[in-house]
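Down below is the structure, laid out as structure tokens.
What follows is calculated from the coordinates using simple rules that are stated; it is not laboratory data. Remember, it's a predicted structure, so these values are computed and weren't measured experimentally. Note that we place each Cβ from the backbone using ideal geometry, even for glycine, and neighbour counts take in every protein chain shown.
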Amino acid sequence: MNNLEDKFFVWNTWTDMYQYKSQYNLLTEAEGLIVTNNRDKKHIDGMSSMFNCSLGYGNREVIRAINEQLLKMSAGTVFRTTTEPSYHLAKKLCALTNNHFKHVFFVNSGSEACDTAIKMVQQYYWNQDINKYKIISLKGCYHGSTLGALSTCTFDSDVEPLRLRLDGFVSVDTFISKDSVNEKAEVKKALDKLEECIVNEGADSIAALIFEPVQLSNEVNILPVSYLQGLKKLKEKYNFLLMSDEVATGFGRCGYMFYMEKAGFYPDIMMLAKGITSGYIPLGAVMATSEIFNAFLNLEGSYKNKLFRHGFTTSGNPIACQCALAVIDYIEKNNLIENSHKMGILLKQKISALKEKYHFISCVQGEGLLIAVILSEEYSNKFKPVELSYLLRDFLCQKGLIVYPCNDRGQAILIAPPLTIDETYCDRIAAILDSGFRKCHQILINKTGEAYYEIAAEKECKR
Ligand SMILES: Cc1ncc(COP(=O)(O)O)c(C=O)c1O
């Protein structure tokens, strides 16, 4: 593949295609934690594909389950039929929440799950002739790139091109773990701000609050349990619904099957995707309580049609559902939740030790196997318009580790390897980070970041 244009047949997601020409990476094979490209270079996948490939690649038990299901029933719909895998998966997901949730609406991705949840909440009130429609989101959130999910988004650069945001979306400052010196006071401040927003907007108009218990795109901002419990108190005081987005945190990523287990309560609606199938097949889900579900029943005497006017052709695809059942089974049988917790602590310790050596690291934060290395603004600003996080990502990739560069609010790289990781791989990741950081340190001293990009891009174009 020599021609530059050949590389652009695929228009990559969330990718600066011009800059990408110097980093082009055509992946061909993967096994365990290792992905191989067409030049036979091997990398440790330190971001589990897109934070979803939680079992690593090539898991034979999951592949066998998929193959068997393909032979048994290769397609299916949940439009007025229920397939066996969708039935068993819905039942299993509810059981994982001790049947707090009793109903599951299947979709194909995290964005679809969040859009679905937003529509569900709005129709829930409409069905009851209640005029609550506003959705509050927390600043720094990411709930997906479809129109409804993106309307919750607070990064101007993502919303600006749309020229519009759906009506009734409001966002509010939240607790920021990175800057927290006095957690108790800052939790109170953030909850006060939220309450002020609810009162100003008019509590009678607020339908729901959508939140991620750990904000992945906001440098892995961890909302403390006291803050999450504060949300519950406000929900009860002002009578709105809570929607927890567990697309990234669900299925063990942060050391819990669902992060809300740690908070000690479940919300009214919970959105799932990513790790549900370890990324082997697209699937998402929205879990709802009976209270929500019952408001959609056309009971005798209903004067309006209340059915949920929503769904997708491949919602509840039987192959995807069977795959999810096998993934959950594997997580449970192999204690991967505990492994995520244990290996997360170890990996975070090893990365934190590097902070002492490299001054451009301002903080390391995360929970389970979702870790952010936050880069100091002082250094990252030196390199504008070249992003320090992208420079680091490049160096690490050359040294055989794929990480996620993050440049929305500040600059960070995220590390989220598969939950199957062991100590040896934690050591290897830490060693590669050390050598990538060292190279970055030299570049920072010589201030040659921009030159690096120009040379790399030029070399790549000539290939
Ligand atoms: C918390 C959260 N919600 C929703 C989404 C959107 O999911 P998808 O990319 O599957 O549409 C993401 C994706 O990164 C996410 O992290």
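Using alpha carbons only, how many angstrom separate the centre of the range 352-389 from the centre of the range 120-140?
Distance between centres, Cα-based: 38 Å.
So, R0 is 56 Å and r is the distance between the beta-carbons of Lys237 and Asp427; what FRET efficiency does that work out to, to 0.05?
The value I calculate is 0.70.
Assuming R0 = 45 Å, what is the FRET efficiency of Glu201 and Trp11, from their Cβ-Cβ distance, to the nearest 0.05?
Between Glu201 and Trp11 the formula returns 0.70.
Please list, in order along the range 22-38, the HN-Hα scalar couplings obtained from phi with the Karplus expression 6.51 cos²θ - 1.76 cosθ + 1.60 (θ = phi - 60°), rounded to whole Hz, x for Gly and Pro.
Taking θ as phi minus 60°, the curve returns 8, 10, 3, 9, 9, 8, 10, 9, 7, 8, x, 9, 10, 10, 10, 9, 6 Hz for the range 22-38.
Measure off 7 Å from each Cα along the Cα-to-Cβ vector at Ile63 and Arg309, then give the distance between these two points in nanometres to one decimal.
4.6 nm
Taking a ≥ b ≥ c as the square roots of the Cα gyration tensor eigenvalues, with a/c under 1.5 meaning rounded and otherwise prolate when a/b beats b/c, else oblate, which class fits the range 220-302?
Because a/c hits 1.5 or more and a/b fails to exceed b/c, the range 220-302 counts as oblate.
Just want to confirm a number: the relative contact order over the chain, from Cα pairs under 8 angstrom separated by 6+ residues, in percent.
22 percent
Net charge around Ile337, counting only other residues with Cβ within less than 14 Å of its Cβ (Lys, Arg = +1; Asp, Glu = -1)?
Cβ neighbours under 14 Å give a net charge of -2.
When DSSP assigns beta bridges and you keep just the ones with both residues in the chain, what percent turn out antiparallel, to the nearest 5?
Rounded to the nearest five, the antiparallel share is 65 percent.
Expressed as an acute angle from 0 to 90° and rounded to the nearest 10, what is the orientation of the C-alpha long axis of helix 449-462 relative to the principal long axis of the chain?
Tilt relative to the chain: about 90 degrees.
Arranged from highest to lowest average of other beta-carbon atoms within 10 Å per residue, in what order do the peptides 55-67, 322-334 appear?
Result, highest mean first: 322-334, 55-67.
Report, in listed order, any pair from Lys233/Lys306; Lys91/Lys233; Lys237/Lys274; Lys357/Lys384 with a Cα-Cα distance greater than 25 Å.
Over 25 Å Cα-Cα: Lys233/Lys306; Lys91/Lys233; Lys237/Lys274.
What does the extension gain come out to for Asp156 and Ile345, with contour length at 0.36 nm per residue minus their alpha carbon separation?
Gain on extension, Asp156 to Ile345, equals 64.6 nm.
Going down the table (Lys193/Lys439; Lys21/Lys342; Lys355/Lys382; Lys92/Lys178), which pairs top 31 Å between alpha carbons?
Lys193/Lys439; Lys21/Lys342; Lys92/Lys178
Putting +1 on Lys and Arg Cβ atoms and -1 on Asp and Glu Cβ atoms, find which of Gly230, Ser244, Met257 reaches farthest to the positive end of the dipole of the range 206-261.
Value: Gly230.
At a 10 angstrom cut-off on C-beta neighbours, averaged per residue, how do the peptides 229-238, 295-304 rank from highest to lowest?
By packing density, highest mean first, the sequence is 229-238, 295-304.
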